[in-house]
Each structure stands twice: as C-alpha cells, then as structure tokens.
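Everything below concerns the one structure shown next.
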Amino acid sequence: MTAKDKILRNIKGLGLPSKSLPLVPIFDGLSDDKHSFFFDALGTLGVEVIISDNRDHLHQLVEERKKEGPVYSPIEELGLTNTLGETEMSDLHLSVIEGQLGVAENGAIWVAGDDLEHRALTAIASHLIIVLPYQKVVWNMHEAYTYIKPQENGYGVFISGPSKTADIEQSLVKGAHGAKSLTVFIQK
C-alpha cells in the first residue's frame, strides 16, 4: 500500500459529518440598472452588443456574416445545424451559440456545454455570436451560481470578451486562443 493510499484510507475512516454550504449573500449592484451596467462592461471588453426585440435581426446578421466564411450554429431556427467534421471545424469563420446567463459585474456570459454539439464552438471559430435573452442578466457571480448549478452540468464556461493576450513582448494579440471578436445579440 502506498503512502497516498494510506492517507486516503485514513481520511475516509474519519467519518466526519457533512455540512451544508454556507449561504452567500446576494449583493445589489453598483447602479440601479443592471442591464446598462452589463452592456457597459461588455463594451469595455471590446464586445459588440446588439439589442433587438426582433429575431429576424439575428437572421440578417448571420446572413451577412455567412458571406465572409463558413458559419455553424446549434440553434435550429438558423438552419445551420448540419454536422461538423474535424476539417470543417478548422476552417470555421463564425459560431452562433446561445448563452444562458449574463453577469453584469464583469460582462461574463454562461454557456452550458450540454447545449453545444461541440465544446470547441466557443473557441474554434474566428468570430463568435452569443444569443442571450434580455431577462437573463444577474448582478454578480454569487447570484449567477445560484442559477447555473455547475455540479449538475458536465461542462460549461463563462465567456467574457474576445480572446486577447499581451504575453508576447507586451504586444496585444486578439484571437490567440479563441475568437477574435465577440458579438452579443440581446433578445428582448
């Protein structure tokens, strides 16, 4: 028996009673309007924000971007849900996915992996559009975690802005490890 096995066996044998997690208070935001705060946070991150109460605007946006290269989306109504092969993914220009929750304090958007055919859709395309319902914005991460229940999902990710890095000679590079641009389509 290894030292690791002995330690784990001793820990299991302690029989400590389980405790429920503490309740984390939900704090109000920094302004009266969480949506404006969220949109400002997205703007600071270099995100294009489109607010519309007409889903046809999303269709028009996707049609315009299709001219620039291959587009894929698991959103059935867009009619782009053909299956993707490995070679097609490497050439993907645009992914259009749905977000489940926006966080005003930092401009992050929760994307549940269970809604994606391929997890790579969040990062493999050159450009990304996330469709988010207007009413699905919360103030902060504490509040977000009361909704998303990460322990119940196999995979999920918070996305906040297009991919950026300045590690190489202090020079800003967009798209180094993800999409070069992010557009958030807010459905009112």
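The values are calculated or read from the model by the stated rules, or taken from the named source; none is laboratory data. As the structure is a computational prediction, the values presented were derived from the model and not from experiment. Neighbour counts are summed over all protein chains in view; Cβ atoms, including those assigned to glycine, are modelled from backbone coordinates with ideal geometry. We work out accessible area using only protein heavy atoms, side chains counted, and drop any ligands, DNA or RNA first. Shrake-Rupley method; radii C 1.70, N 1.55, O 1.52, S 1.80 Å.
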Legend entry - Residues satisfying the stated conditions in the range 88-117, i.e. in contact with a strand residue (DSSP E or B) (Cβ under 9 Å, 6 or more places away or on another chain) and more than 16 Å from Ile159 (Cα to Cα): Glu88, Met89, Leu92, His93, Glu117
Inset, instruction - Kindly list, by first and then second residue, each pair from a residue in the range 46-58 that is under 11 Å from Leu132 (Cβ atoms) to a residue that is charged (D, E, K, R) and open to solvent by 60 Å² or more (accessible area, probe 1.4 Å), limited to pairs with Cβ atoms under 8 Å and residues at least 6 apart or on different chains. - result: Ile51/Lys188
Inset, instruction - Just give me the residues in the range 1-55 being touching a strand residue (DSSP E or B) at 6+ places or on another chain (Cβ under 7 Å), closer than 24 Å to Lys174 by Cα and not in a helix (DSSP H, G or I), in sequence order. - result: Val47, Glu48, Val49, Ile50
Legend entry - Looking only at the range 1-19, and only at residues there that are among the aliphatic types (A, V, I, L, M) and modelled with pLDDT under 85, the one that is farthest from the chain's Cα centre (by Cα): Met1
Legend entry - Of the criteria (1) surrounded by 15 or more Cβ atoms within 10 Å (Cβ to Cβ); (2) outside any loop (DSSP other than H, G, I, E, B); (3) under 13 Å from the mean Cα position of the chain (by Cα), which one Pro162 fails: (2)
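What number of residues within the range 93-118 are aliphatic (A, V, I, L, M), part of a loop (DSSP other than H, G, I, E, B) and open to solvent by less than 10 Å² (accessible area, probe 1.4 Å)?
Applying the first criterion (aliphatic (A, V, I, L, M)) to the range 93-118 yields 94, 96-97, 101, 103-104, 108-109, 111-112, 116.
From what's left, part of a loop (DSSP other than H, G, I, E, B): 104, 116.
Restricting the remaining residues to those that are open to solvent by less than 10 Å² (accessible area, probe 1.4 Å) gives 104.
Summing the residues that are aliphatic (A, V, I, L, M), part of a loop (DSSP other than H, G, I, E, B) and open to solvent by less than 10 Å² (accessible area, probe 1.4 Å) in the range 93-118 gives 1.
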Legend entry - Some residue of the range 85-105 being in contact with a helix residue (DSSP H, G or I) (Cβ under 7 Å, 6 or more places away or on another chain), aliphatic (A, V, I, L, M) and more than 30 Å from His142 (Cβ to Cβ): yes
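A quick yes/no check of all residues on (1) touching a residue at least 24 places away in the same chain (Cβ under 8 Å); (2) under 30 Å from Ile159 (Cα atoms):
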{"position": "Ala3", "(1), (2)": "no, no"}
{"position": "Leu8", "(1), (2)": "no, no"}
{"position": "Lys19", "(1), (2)": "no, no"}
{"position": "Val24", "(1), (2)": "yes, yes"}
{"position": "Asp28", "(1), (2)": "yes, yes"}
{"position": "Ser36", "(1), (2)": "no, yes"}
{"position": "Thr44", "(1), (2)": "yes, yes"}
Legend entry - Top-ranked residue in the range 20-40 [being out of contact with any Ser or Thr (no Cβ under 8 Å at 6 or more places or on another chain) and at pLDDT 85 or above; ranked as least open to solvent (accessible area, probe 1.4 Å)]: Phe38
Inset, instruction - Residues being assigned to a loop (DSSP other than H, G, I, E, B) and surrounded by fewer than 20 Cβ atoms within 10 Å (Cβ to Cβ): count how many of those fall in the range 119-159. - result: 12
Inset, instruction - List every residue pair whose Cβ atoms sit under 9 Å apart, with the two residues 6 or more apart in sequence or on different chains, where the first one lies in the range 160-172 and is more than 20 Å from Trp110 (Cβ to Cβ) and the second, anywhere, is of a type in the set (Ser, Thr, Tyr). - result: Leu172/Thr165
